[in-house]
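> Below are the structure tokens for one structure; questions will follow.
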Amino acid sequence: SNVTVGNLALATVAGNHTSALSDYSLQTTNLTWNGSTITAANVSLSATGNISKVYDGSANISITSGNYSVSGLITGDTLTLSNVSAAYNS
């Protein structure tokens, strides 16, 4: 995969010469590093609370977002689960 960087700007110029920041120009388009890798973050789902039901002849149970917690999300990201179902094993 490729990593593309944008919105770069020169902040300061320092050294032994009297160069000013305005003496430099930074290319800010088409900056791509080929072969770069972004590794997926691990997300975990855990059961929380007391998950119970009145026996109705089946092992299936309805769970809601109060019955599980998600960890590992990056700040600002959200996760929506669909088709959430569970079953007792005995």
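The values are calculated or read from the model by the stated rules, or taken from the named source; none is laboratory data. The structure displayed is predicted, hence computed values, not measured ones. Keep in mind that these areas ignore ligands, DNA and RNA; they rest on the heavy atoms of the full protein, side chains included. Shrake-Rupley method; radii C 1.70, N 1.55, O 1.52, S 1.80 Å.
> Using a 1.4 angstrom probe with every protein chain in place, what is the largest-first accessible-area order of ILE51, ILE61?
ILE51, ILE61
> In whole Hz, what ³J(HN,Hα) sequence does segment 68-76 give by Karplus (6.51, -1.76, 1.60; θ = phi - 60°), x for Gly and Pro?
Using θ = phi - 60°, the values come out as 8, 10, 10, 10, x, 6, 6, 3, x Hz.
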